[in-house]
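All remarks here apply to the structure that follows.
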């Protein structure tokens, strides 16, 4: 008997039939004797429908009022799911974020959870009830409804699991786990039975959109075991947890992430003096353009080259801004390329092994793929290559690092 | 400058365009310098849509969860209206029933308001904001969401007006006021500029469905001046208030109400002994059938006849029950008629004038209309007649009591 927090996203509760299926799944855990708290999102499409209405009422909807509107999406789901559970003989009670209470700061539309009162939830669990909680929403110090931003339901689930000291937080999705890479690109991509929080963070931020980054951070911080599972298929999914001590069994590389949403910009021949990075990126950030990679190499004369990547949608705007800045800085020239892709190998195992990066570069060279930019962190190596080589590069790396093979006796 | 509570029902906020129109109307009052609290219902059709979903999840939806679901309807409207007000330069803030707080008992789906905290509302009014409150909903002592039952938004508006000591509670509807009778039956039916709470109660309970009975009772109890107005047409509407002292100006009769939703049942020749009324009506009430009129005349032998009316939908069931009861009581016979109509004249003026009832009976007799049953209260006389005479009776009475004439210098 365990205490489990289960989170079902918009697609998993996208119709009355699916809500019914979720109730049946929850009942199976109850029948085994587990205590269950269920966190649900709004039915798929509902949040967009509400935002669309808001925009018709107000050009830039008041953040406080938008949160009141959006919070209704999850309220519909929690009440319907509680009814379905009651109907199938699982006594259940629903709670809005405010009722739990999930206390947040007052940053409407992107609030942060500050504290969760678990008394009511605990009392219902003790009374043998399933507790159904609205994801994505909370209440600020003034009693106003807040929302946590897109994907906030994952955060709600993890935060509740942490506050309740749950044995596991299960995130039900439309995939059956975290894979070594995208199975649409590599046929023999393999589901990982286990992955560390750090690896998952690198995989998620690089575009493997299985989990919200914030919820993984949160789970890591409070050491909540997180499991990614398929909503409608049976299977063990992928457990995300802390690195185990016996790193002997740890594979070098856990997965290969990639991202084709980026564009690269370079300003060449700028004066290599303090403050130049700020002068270049200041106007970009002032235009609310998010920058991903930033690379500046050592310079051998008094000028340097400066490269960064932005989301492809922001490419043209960033280029216009950069050309203006370059003129002001008397830079030699500005280059841009929006036909690039970023490929990264991720794995906590590379911490203790030299040569992982060179193995990567060798594999790419063998395929005749030119590396434009390199960036590394403790547990990942990222390269930017021409977009047309993306699939080739991912397949070559997947094979080089033997990701299709089950390592040791792990499974 | 006055403090006004305005209530807009589902039809008045039935589309984004209409919510916009409500915002424009509210702005006009603000521009005049009035403080305004707006109470809104769910967009028309929304509550039925939600109930329909609930019934698909659970044969008999859990009352607590149904309230969570239904409360979302008004939350959508309050947030959209607050946005529309903010957009047109009227700073506004929305509140759910729980946020105000509108405290109710825990009778889910039909909760009663016990107390309203007005601090937040008052603070917003003082800060120059329009306050938009979700009608129909409240919060129980445990923090659970409750709803007040159909039409509860009127009650919310009146209760808020009472708690805030508002100068007037305006109920916006799809009619421009309360009429002497249904204009679809009598061409020259006249809008009443004023009517008393008691008269309104009699008119409403008799089928002039302009206002919820509960809200009229509430307004009367707390002496909140209530005004019925048209949502999209200009005009003074009808003011519902206490009887004025100078009853010289008071017309004898204010209006004629009617109802064709009833059926009549009579059991003849039952023993005229204590307890017989209970023996007859007990099984009817046990079957959850509501009884309207109950008439028992003096009997001149040891048996009596007993007549009552029920809603026409309950006619067959009531007849079956009554036949069983009649057999047990050795009654002579049972009669029923579901082709009847009830017509009532209503007016506080009849208190001080004899002869009103006989004027009514004379008018009906002149038209050859047989009266089947008579029942009276202090300010009304009701008769049951054959349904086919309904329109004829209403027109005859409207003309006899000169309801098309403006009495004295009232207007």
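The values are calculated or read from the model by the stated rules, or taken from the named source; none is laboratory data. Quick caveat, the model's predicted, so the values are computed rather than measured. In this analysis, Cβ positions are derived from the backbone assuming ideal geometry, glycine residues included, and neighbour counts consider all displayed protein chains.
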Checklist line | Some residue of segment A:179-197 being farther than 29 Å from residue A:64 by Cβ and in a helix (DSSP H, G or I) | finding: yes
Checklist line | Members of segment B:280-316 that are assigned to a helix (DSSP H, G or I) and within 14 Å of residue B:266 (Cα to Cα) | finding: B:280, B:281, B:284, B:315, B:316
Next item on the list: Evaluate segment B:220-227: report whether one residue or more is closer than 16 Å to residue B:348 by Cα and modelled with pLDDT of 90 or more.
Entry: yes
Checklist line | Matching residues, segment A:26-57, being crowded, with 22+ Cβ neighbours inside 10 Å and assigned to a loop (DSSP other than H, G, I, E, B) | finding: A:41, A:42, A:43
Notebook entry, point to check: Got at least one residue in segment B:82-95 being closer than 13 Å to residue A:57 by Cα and without any contact (Cβ under 8 Å) to a residue 40 or more places away in the chain?
Noted result: yes
Notebook entry, point to check: When you scan segment A:104-126, how many residues do you find that are over 22 Å from residue A:3 (Cα atoms) and more than 14 Å from chain B (Cβ to nearest Cβ)?
Noted result: 7
Note to self: Would you confirm, using the coordinates I've provided, whether residue A:204 is without any contact (Cβ under 8 Å) to a residue 60 or more places away in the chain and over 18 Å from the mean Cα position of the chain (by Cα)?
What the structure shows: no
Notebook entry, point to check: In segment A:77-94, what residues are surrounded by 24 or more Cβ atoms within 10 Å (Cβ to Cβ) and either within 7 Å of another protein chain (Cβ to nearest Cβ) or in a strand (DSSP E or B) (or both)?
Noted result: A:78, A:79, A:80, A:82, A:83, A:84, A:92, A:93, A:94
Notebook entry, point to check: Residues of segment A:268-284 being closer than 19 Å to residue A:320 by Cβ and over 34 Å from the mean Cα position of the chain (by Cα), which ones?
Noted result: A:270
Next item on the list: Test residue A:406 against the criterion of being in contact (Cβ under 8 Å) with a residue 12 or more places away in the chain, crowded, with 21+ Cβ neighbours inside 10 Å and either within 25 Å of residue A:189 (Cβ to Cβ) or out of contact with any strand residue (DSSP E or B) (no Cβ under 6 Å at 6 or more places or on another chain) (or both), and give yes or no.
Entry: no
Item checked: Flag for residue B:99 being under 28 Å from residue A:123 (Cβ atoms) and at the interface with chain A (Cβ under 9 Å from one of its Cβ atoms) -> yes
Next item on the list: Give segment A:60-76 a look and list any residue that's assigned to a loop (DSSP other than H, G, I, E, B) and either more than 7 Å from chain B (Cβ to nearest Cβ) or touching a strand residue (DSSP E or B) at 6+ places or on another chain (Cβ under 6 Å) (or both), or say none.
Entry: A:60
Next item on the list: Find the residue count for segment A:125-161, including only residues that are surrounded by fewer than 20 Cβ atoms within 10 Å (Cβ to Cβ), at pLDDT below 95 and not in a loop (DSSP other than H, G, I, E, B).
Entry: 0
Check: Does residue A:244 fit the bill of being part of a helix (DSSP H, G or I), under 30 Å from residue A:405 (Cα atoms) and modelled with pLDDT under 90?
Finding: no
Checklist line | Candidate set from segment A:114-124 (those that are surrounded by 14 or more Cβ atoms within 10 Å (Cβ to Cβ) and touching a strand residue (DSSP E or B) at 6+ places or on another chain (Cβ under 6 Å)); member that is farthest from residue B:121 (Cα to Cα) | finding: A:124
Notebook entry, point to check: With (1) modelled with pLDDT of 95 or more; (2) surrounded by 16 or more Cβ atoms within 10 Å (Cβ to Cβ); (3) within 22 Å of residue B:2 (Cβ to Cβ); (4) touching a strand residue (DSSP E or B) at 6+ places or on another chain (Cβ under 7 Å) as the list, and residue B:167 as the residue in question, which single condition is left unmet?
Noted result: (2)
Next item on the list: Take residue A:347 and decide whether it is under 30 Å from residue A:179 (Cβ atoms), at pLDDT 90 or above and over 28 Å from the mean Cα position of the chain (by Cα).
Entry: no
Note to self: So residue A:111 ticks every box in (1) free of Cβ contacts under 8 Å to residues at least 24 places away in the same chain; (2) in a loop (DSSP other than H, G, I, E, B); (3) surrounded by 21 or more Cβ atoms within 10 Å (Cβ to Cβ) but one. Which box is left unticked?
What the structure shows: (1)
Margin query: Going residue by residue through segment B:352-366, is there one that turns out to be assigned to a strand (DSSP E or B) and at pLDDT 90 or above?
Written below: no
Notebook entry, point to check: Just wondering, is there one or more residues in segment A:36-43 that are more than 10 Å from every other protein chain (Cβ to nearest Cβ) and farther than 20 Å from residue A:97 by Cβ?
Noted result: no
Next item on the list: Please go through segment A:371-388 and pick out each residue that is touching a helix residue (DSSP H, G or I) at 6+ places or on another chain (Cβ under 8 Å) and either closer than 21 Å to residue A:190 by Cα or not in a strand (DSSP E or B) (or both).
Entry: A:371, A:378, A:379, A:380, A:381
Margin query: With the requirement that a residue be touching a residue at least 60 places away in the same chain (Cβ under 8 Å) and touching a helix residue (DSSP H, G or I) at 6+ places or on another chain (Cβ under 8 Å), what does segment B:353-370 give you?
Written below: B:356
Next item on the list: Might you check whether a residue that is facing another protein chain (nearest Cβ under 10 Å) and at pLDDT 95 or above occurs anywhere in segment B:23-33?
Entry: yes
